[in-house]
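Please treat every number below as a calculation from the coordinates, not as lab data. From a predicted model like this one, the values you see are computed outputs, not experimental measurements. Cβ: placed from backbone, ideal geometry, glycine included. Neighbour counts: every protein chain shown.
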Amino acid sequence: MDHRPWTMDHEAQRSIKATDMNKKIAIIGGGNLGAAMAEGLIKSGFIQPEHLIVTKRNTHTLQHLKEQGALVSNNNVEAVQYADWILLAVKPFQLKEVLSQVLPYLQPEKHVLVSVVTGAWVNDIREVVGDTIPIFRAMPNTAIAIQESMTCIYASATTDEQVLYVTALFNQLGKSVFIEEKLMDAATVLGACGTAFAMRYIRANIQGGIEIGFSAATASLIAAQTVKGAAELLLQKNTHPEQEIDKVTTPKGCTIAGLNEMEHQGFSSSLIRGVVTSYKKIVNDM
Ligand SMILES: NC(=O)c1ccc[n+]([C@@H]2O[C@H](COP(=O)([O-])OP(=O)(O)OC[C@H]3O[C@@H](n4cnc5c(N)ncnc54)[C@H](OP(=O)(O)O)[C@@H]3O)[C@@H](O)[C@H]2O)c1
C-alpha cells in the first residue's frame with residue numbers, strides 16, 4: 001500500500017500524457033455527487049463528453065448530461081466495458097452489489113477504481129475485487145457541484161501515472177490532497193461536514209447582520225463574500241489565520257472587542273468540540 005501525502009503542482013499536471021486525456025470514464029451512480037462530478041469534468045474540458053458514461057437505474061434524471069453529449073445508461077456492465085476509469089458514487093449499502101455485478105468484467109491492466117463512497121475502506125472493496133485492481137478512495141464535498149470541492153485522496157496499488165491522472169481529475173473539481181487512509185474519517189469531518197460547519201457560521205453572521213440593520217439578502221451577500229474572501233486570503237497568500245486577524249484588529253478597536261467576546265462565549269472551543277464530536281460519531285457508529 002502506498003501513501004502519498006502531497007499535492008500536485010501545475011507543472012506536474014501539465015506532464016500528464018496526452019493519451020491519458022483520451023481515457024474514458026464511467027461514473028457508476030449518477031446521483032447528487034456522481035452527476036455533479038460529471039458536470040464538472042465536462043465543463044472544465046477535462047474529458048470529451050462522449051468519453052464519459054454515467055449510470056443509474058432510473059436514467060431520466062440524467063437528461064441534462066445526455067444533452068451535453070455524455071453517454072447515460074442503466075447498465076453498469078456496459079459502462080465498465082466502455083471505460084478505463086470507474087468512479088463509484090453509489091450509496092454505501094449499494095457498493096458491494098454493484099462491485100459484484102461488474103467484477104467479471106474488471107481487468108487489472110485496464111481499469112482503475114475510484115470510490116467516493118463514504119465509510120467504504122479499500123479493504124472492503126478489495127474483499128470483492130481482489131488485490132490486483134488499482135484503487136483510489138476519495139472524499140470530496142458538495143462544493144464539487146461548482147468545481148470548488150476539497151477532495152482528500154488515498155491511493156492503493158496505483159502507479160505514479162495514475163496518481164497524476166486522478167489528481168488532475170479532482171483538481172478540475174476544486175483542490176485535492178493525498179492522505180493516509182486512516183485519516184479518511186477525519187477528512188470526512190473536516191472536509192465534508194466542514195461545509196455544514198461553515199454554513200452555520202455564515203448563517204449566524206447573517207442573523208447578526210440583520211440585527212444591526214441589513215436586509216436578509218444584503219446580509220447574506222456580505223457574510224458569504226466576506227467568508228469567501230477570508231478563505232481566499234489564506235489559500236492565495238498561504239498565511240496563518242492569526243496573521244490576517246492581526247491586520248484587522250486595531251488596539252482598543254471593535255474587531256478585537258467582538259472577537260474576545262466570541263471567545264469568552266466559547267467560540268473556538270465550541271467549534272473544536274463540534275469537530276471532535278463529529279469525528280467520534282463517525283468512528284464509533286459507521
Ligand atoms: N453528497 C456528498 O456531499 C458526498 C460527499 C462525499 C461522499 N459522498 C458519497 O458519495 C456517494 C453518493 O452520494 P450522493 O449524495 O450522490 O447519493 P445519491 O444522490 O443517492 O446517489 C447515488 C446514486 O446511485 C444510483 N444507484 C443506486 N443503485 C445503483 C446501481 N445498482 N447502479 C447504478 N447506480 C445506482 C442512484 O440512482 P438510482 O436509484 O436511479 O439507481 C443514485 O442516483 C455516497 O456513498 C456518499 O456517501 C457524498
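Observations on the model:
- Within the range 231-286, tally of residues that are surrounded by 11 or more Cβ atoms within 10 Å (Cβ to Cβ) and in contact (Cβ under 8 Å) with a residue 24 or more places away in the chain: 7
- Tabulated pairs, the range 107-119, first more than 15 Å from V77 (Cα to Cα), second part of a loop (DSSP other than H, G, I, E, B) and among the hydrophobic types (A, V, I, L, M, F, W, C), C-beta under 7 angstrom, 6+ apart or interchain: P108/I133; V116/A89; V117/V90; G119/M286
- When F178 is tested against the conditions (1) within 14 Å of the ligand (Cβ to nearest atom); (2) over 23 Å from N22 (Cβ atoms); (3) within 13 Å of the chain's Cα centre (by Cα), the lone failure is (1).
- Condition met for G194 (surrounded by 15 or more Cβ atoms within 10 Å (Cβ to Cβ) and not hydroxyl-bearing (S, T, Y)): yes
- Where strands (runs of 3 or more DSSP E) fall wholly inside the range 69-141, the ranges with 2 or more residues that are surrounded by fewer than 22 Cβ atoms within 10 Å (Cβ to Cβ) are 71-73.
- For the range 130-170, filtering for residues that are in contact (Cβ under 8 Å) with a residue 12 or more places away in the chain and away from the ligand (no atom under 16 Å from the Cβ) leaves 16.
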